[in-house]
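Read-outs: derived from the displayed coordinates by stated rules, not from any lab. All values reported here derive from a predicted model rather than from experimental measurement. Here the Cβ is made from the backbone with ideal geometry for all residues, glycine too, and neighbour counts use every protein chain on show.
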Amino acid sequence: MTLKNAPLIFFTDKKCDVCGESYKPVRAKQRFCSTQCHNRYHNTERLKKTTEFADVLRILQKNHEILSNLWKAGKKKILLAELLKLGFKSEYITSFSQKERINFVFNTAYRLIAGEQVEIFKISPNK
């Protein structure tokens, strides 16, 4: 069968995923009634990802600030409950050492010692 002899395929009307308008699709997997709706959808999705990334970065920066301020104030050990009261979110870290059980937040670090006590470290860059 050649392209000239191929049967025409007509798709049933669909509703646009963005605006809800009814339209006749040109392709079977078409989801949007227009380029404008297509762009609006993808711009919104990109913004969601950017916002989520910014939220995580903000939390990490706050954690780093808390640990750095405690370190600068000479407080090398603190109760976990006190750290959490300062707004520290222990589930947000940049890396960890499983062997030494140390959690890193940029160039600061901490680990649980003696039950509910936390030991704070400042990491020096390698020279």
>> Here is a check on your reading of the model: is residue 34 among the small types (Gly, Ala, Ser) and either within 30 Å of residue 106 (Cα to Cα) or surrounded by 13 or more Cβ atoms within 10 Å (Cβ to Cβ) (or both)?
In response: yes
> Quick one: in the stretch 38-95, which of the residues that are touching a residue at least 24 places away in the same chain (Cβ under 8 Å), among the aliphatic types (A, V, I, L, M) and in contact with a strand residue (DSSP E or B) (Cβ under 9 Å, 6 or more places away or on another chain) is surrounded by the most Cβ atoms within 10 Å (Cβ to Cβ)?
Replying inline: 67
>> Within the stretch 89-127, take every residue that is assigned to a loop (DSSP other than H, G, I, E, B) and touching a Lys or Arg at 6+ places or on another chain (Cβ under 8 Å) and give me the one that is farthest from residue 63 (Cα to Cα).
In response: 100
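Here are 12, 51, 44: which of them is assigned to a loop (DSSP other than H, G, I, E, B) and among the β-branched types (Val, Ile, Thr)? Steps first, please.
Numbers: 51 fails: assigned to a loop (DSSP other than H, G, I, E, B); 44 fails: assigned to a loop (DSSP other than H, G, I, E, B).
When all the criteria are applied, what remains is 12.
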> Is it fair to say residue 103 is closer than 30 Å to residue 115 by Cβ and polar (S, T, N, Q)?
Replying inline: yes
> Can you name the residue in the stretch 68-88 that is assigned to a helix (DSSP H, G or I) and hydrophobic (A, V, I, L, M, F, W, C) and is also nearest to residue 107 (Cα to Cα) among such residues?
Replying inline: 71
> Which residues, counting only those in the stretch 37-67, are over 30 Å from residue 110 (Cβ atoms) and among the charged types (D, E, K, R)?
Replying inline: 40, 45, 46, 48
